[in-house]
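Below is one structure; the comments refer to it alone.
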Amino acid sequence: MESYHDFRHPLPTDDVAAIDELGKIYQAFRDELRKAIVGQDLVIEQLAICLFARGHALLMGVPGLAKTLLVSSVAQTLDLSFNRIQFTPDLMPADITGTDIIQESGAGGRREFQFIKGPVFANIVLADEINRSPAKTQSALLEAMQEHKVTVLGHTNTLKPPFFVFATQNPIEQEGTYPLPEAQLDRFMFLIEVGYPSSTEEKEIARTTTGAARPLLNHLLDGEKVIAYQELIRRVPVPEHLYDYAVKIVRKTRPTEPESPKWIKDTVAWGAGPRAVQYLILGAKSRAALRGNYMASLEDLEAVASSVLTHRIITNFSAESQGMTSKKIVERLVKEMRED
């Protein structure tokens, strides 16, 4: 006789057990990060959702909010290789991908080209202040983020999985920065907004960072285990109505679509593309599994909608004059979808 859970979802017993295990690991993961990071629970959850959904994340926040520390702590907790790239106006693409140099080979003094890997060859790459470099340097990450490959002088080098790019950006600086092109933004699964801590958390930050050395974080997973859980996330079932919801809300962000509301046509220049639908579903799957659920729900999808859609919606001058941001547009869309 089928159990209640077997009736509600088509997952095999092994996958059910694996999701239960993932839920426990996620709780341990959060506990470990709390040793180094005070507060930011929602940010940690969003990073974890991206990580297990095999996505990249753009962290937006003012300086001093521990964005860099958070990413390096994630790498340490998961026992993954980590490289940090400080983006500056004079950074070149070869400084990211690596380059060929001439080396002497053998006793005869024969010379040949040898590829020297750049910092992009790591499991977790932190692109710090990514908008401080021009587009030609930012684009050095495009192939790596999408194809997990790096091509230099006609030779293609494969990046070892798992591979993640976590980029940071300061929203208040304008001079000396280069806005990310839409193609680059679309490669990021989530836009994660990192806000100020509460007064209690800020007091705790002052206490923990001005005293003794910070504690070392325990390794909870390795690369192979992370890949196994990523495959598990892909198998999490999604009800048909969630696919319909994801397609409907993304199409409503496009002012050229007939189903788009009038207020969208008046405020949006460009809406989200098909990749947004994919990331809405993957985000819902990942969030459900991390919370120990065996099937994605509407609550999961609504929870990731803002992070997936905000950086994919380009507003026009009318929206700016009304103070209507991309985030407010997504929030209104979700609310209207709920009321339908």
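The values are calculated or read from the model by the stated rules, or taken from the named source; none is laboratory data. Everything numeric in this text was worked out from a predicted model, so none of it was measured. A quick note on method: Cβ atoms are made from the backbone with ideal geometry, for glycine too, and the neighbour counts reach across all protein chains shown.
Taking helices (runs of 4 or more DSSP H) as the structural unit, those lying wholly within the range 119-193 and holding at least 3 residues that are in contact with a strand residue (DSSP E or B) (Cβ under 7 Å, 6 or more places away or on another chain) and in the same structural domain as Val226 (by TED's automatic domain parsing) correspond to 142-147. With respect to the conditions (1) of a type in the set (D, E, K, R); (2) within 28 Å of Glu224 (Cβ to Cβ); (3) in a helix (DSSP H, G or I), Arg54 lacks only one, and its number is (3). Counting the residues of the range 108-132 that are on the phi < 0 side of the Ramachandran plot and within 20 Å of the chain's Cα centre (by Cα) gives 13.
The set of residues in the range 117-160 being free of Cβ contacts under 8 Å to residues at least 60 places away in the same chain, crowded, with 19+ Cβ neighbours inside 10 Å and among the polar types (S, T, N, Q) consists of Asn131, Ser133, Thr137, Gln138. Residues of the range 75-104 being closer than 15 Å to Leu33 by Cβ, without any contact (Cβ under 8 Å) to a residue 60 or more places away in the chain and either of a type in the set (Val, Ile, Thr) or part of a helix (DSSP H, G or I) (or both), which ones? Across the range 75-104, the qualifying residue is only Ala75.
Just to verify a result, which residue in the range 250-304, among those that are part of a helix (DSSP H, G or I) and among the polar types (S, T, N, Q), is surrounded by the most Cβ atoms within 10 Å (Cβ to Cβ)?
Ser286
Would you please name the residue that is surrounded by the fewest Cβ atoms within 10 Å (Cβ to Cβ), looking only at residues in the range 23-50 that are farther than 26 Å from Thr210 by Cβ and more than 19 Å from the chain's Cα centre (by Cα)? Step by step, filter the range 23-50, then rank; the result is Lys24.
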